[in-house]
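Please read the structure below before turning to the comments.
The values are calculated or read from the model by the stated rules, or taken from the named source; none is laboratory data. It should be emphasised that the depicted structure is a prediction, and the values quoted were computed from it without experimental measurement. Heavy atoms of the whole protein, side chains included, go into the accessibility calculation; ligands, DNA and RNA do not. Shrake-Rupley method; radii C 1.70, N 1.55, O 1.52, S 1.80 Å.
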Amino acid sequence: MLITERRLVRVRGNRIKKKNVDIIIFFFFLLTSWYNAYVNPNILGIIESIIGPIGAIMVLLLPMYAIRKLPILAKYRRKVSNVFVTVIGLVTVSAIFFMFL
């Protein structure tokens, strides 16, 4: 829902004024910018750690999901290669979880 000047936002049945939403957004950006300036993360490392698993999902797991769900791709079901591709995709995606250990 778009927030306009005259419109109030409903959150769990309560109305929130646009001014309050703007203040929350302002402090969110202020605190995250301040944190990033303090920590100074390596942006290339962040991109590498996020794009790898997302690429694995798109290249490996989405086609396996499509083979399982779409009737037109039924002829490719029940092949050993599908299990191999799915396992490799899950291992690649799990790398993002092991990065934080």
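Ordering R77, R15 by accessible surface, largest first, gives R15, R77; the 1.4 Å probe counts only protein heavy atoms, with every chain in place. Here the 3J(HN,Hα) profile of region 15-21, calculated from phi with Karplus coefficients 6.51, -1.76 and 1.60 at θ = phi - 60°, is 9, 10, 6, 4, 4, 5, 5 Hz, Gly and Pro shown as x.
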